[in-house]
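The values are calculated or read from the model by the stated rules, or taken from the named source; none is laboratory data. Predicted, not measured: the structure shown is a model, and the values here were computed from it. Glycine gets a Cβ as well: all are built from the backbone with ideal geometry, and neighbour counts include every protein chain shown. For accessibility, only protein heavy atoms count, side chains too; no ligands or nucleic acids. Shrake-Rupley method; radii C 1.70, N 1.55, O 1.52, S 1.80 Å.
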Amino acid sequence: MQFQQLQYFVAVAETRHFTRAADLVHVAQPSLSQQIKALERELGADLFLRARGNITLTDAGEALLPLARRILADADTARHEVQELVQLRSGRVRLGATPSLCTGLLPDVLRAFHDRYPGIRLMIEEGGSHDLVRELARGALDLALVVLPLPTPSPALTTVELLREDLVVVSSPDAPRPGDGRRTVRIADLEGERLVMFRHGYDLRELTVAACRAEGFEPDFAVEGGEMDAVLGFVRAGLGLAVVPRMVAARSGRGLRVTPLTRPGLHRTIALAHRSDVAPPRAARELQRMLLER
């Protein structure tokens, strides 16, 4: 049974005339008649009683008509929904990002995307780069913002560098200035300072600890194990210093003193990643374009 045959059958049933039905579906009348006969042969039953000047449905035709109409309506609905998705009026984007990027980079970009495509659902998953790479690989995400280099490089992923961001030191305004009050702080100046440290698996934790060890000392943790909001809250409360991305510090509002790191300082490279073997959906590609053009 072919979709086209059902279209022809419904047209004849509604017009009760083969020639008018053929005009309605824009096909030659002999072709329409042949397709109706082929449908009847496949079903093993006549669908129409053909008397001169009078076309009526048989019992088999009466039984088929509501089913055929429903099939055609479902196909039209499917076509409409796919067209809306293609035209970015509906659908979803599954985006993974590290918590610091959710705080610093994403709010403005997602606001612009939502304003342009209000029908697209944005589904955000926070996690470390290692977790996000795993979720991308198993198809649970369309795109992910990750920190380079990846903990376990994967040839199955395509990464495009998005930005290189400075890290800064944040502290409570009520606490003594780090680095003896200088306008910039060296990593070596963090020796002996109490740090508020992120949980294990957090990209910023690994970067900060590695930088301290490169200067020949182990960092001293006042508090450890938090996510970004918790770390900033502990710093505001005067529990210690933290090393965070500049964008996060800029968005954090009052209650924090921001001190740049002395050059060359610390940086992190942010990349946009997706699977190499599967093209992201149209809506995800549009978000990808907006992130790259930000």
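Ignoring ligands, DNA and RNA, please state the percent of accessible area on segment 177-294 from carbon and sulfur, probe 1.4 Å. Reported share for carbon and sulfur atoms: 47 percent. In this entry, segment 161-216 is assigned a mean projected area of 5.2 nm², taken as a quarter of its C-alpha convex hull surface.
Rounded to the nearest 10 degrees, the angle from helix 3-15 to the longest Cα principal axis of the chain is 50 degrees.
The residue list 35, 190, 11 was ranked by how far each Cα lies along the charge dipole of the chain toward its positive end, using unit charges on Cβ atoms, and 11 comes out on top.
With the helix formula -39500 (n - 2.57) applied to DSSP H stretches of n ≥ 4, the chain reaches a computed 222 nm mean residue ellipticity of -13500 deg cm²/dmol. Treating the chain as a set of equal point scatterers at the Cα positions, no solvent, please give the Debye-formula log₁₀ I(q)/I(0) at q = 0.09, 0.10, 0.14 Å⁻¹. These q points yield log10 I(q)/I(0) values of -0.60, -0.66, -0.99. Each peptide among 204-211, 1-8, 175-182 gets the average number of other Cβ atoms lying within 10 Å of its residues, and from highest to lowest they stand as 204-211, 1-8, 175-182.
Could you tell me which trypsin sites (Lys or Arg not before Pro) in segment 112-158 are loop residues by DSSP with no more than 16 other beta carbons within 10 angstrom of their beta carbon? Display every interim value, and only then the final one.
Working: sites: 116, 121, 134, 138; in loops: 138.
Loop-located and lightly packed - 138.
What segment 129-245 shows is 48 Å² of accessible area per residue, with the surface traced by a 1.4 Å probe over protein heavy atoms. Rounded to the nearest 20, the size of the Cβ-charge dipole of the chain about its Cα centre is 700 debye, with Lys and Arg at +1 and Asp and Glu at -1.
With the convex hull drawn over the C-alpha atoms of segment 163-263, the volume per residue is 97 Å³.
From the Cα trace of segment 21-78, what convex hull volume per residue do you get, rounded to a whole Å³? Mind showing how you got there, number by number?
Numbers: hull volume 6.0 nm³, N = 58.
About 103 Å³ per residue, rounded to a whole number.
For the pair residue 74 and residue 29, label points projected 7 Å from Cα toward Cβ lie 3.4 nm apart. Name the residue, out of 143, 110, 95, whose mean-square fluctuation peaks in a Gaussian network model built on the chain with Cα pairs under 10 Å. Checking each option, the largest mean-square fluctuation is seen for 110. Remark on segment 89-133: hydrodynamic radius 11.1 angstrom, per the Kirkwood mean of 1/r across alpha carbon pairs. Positive-end ranking of 88, 128, 228 along the dipole of the chain, with charges on Cβ about the Cα centre, is headed by 88.
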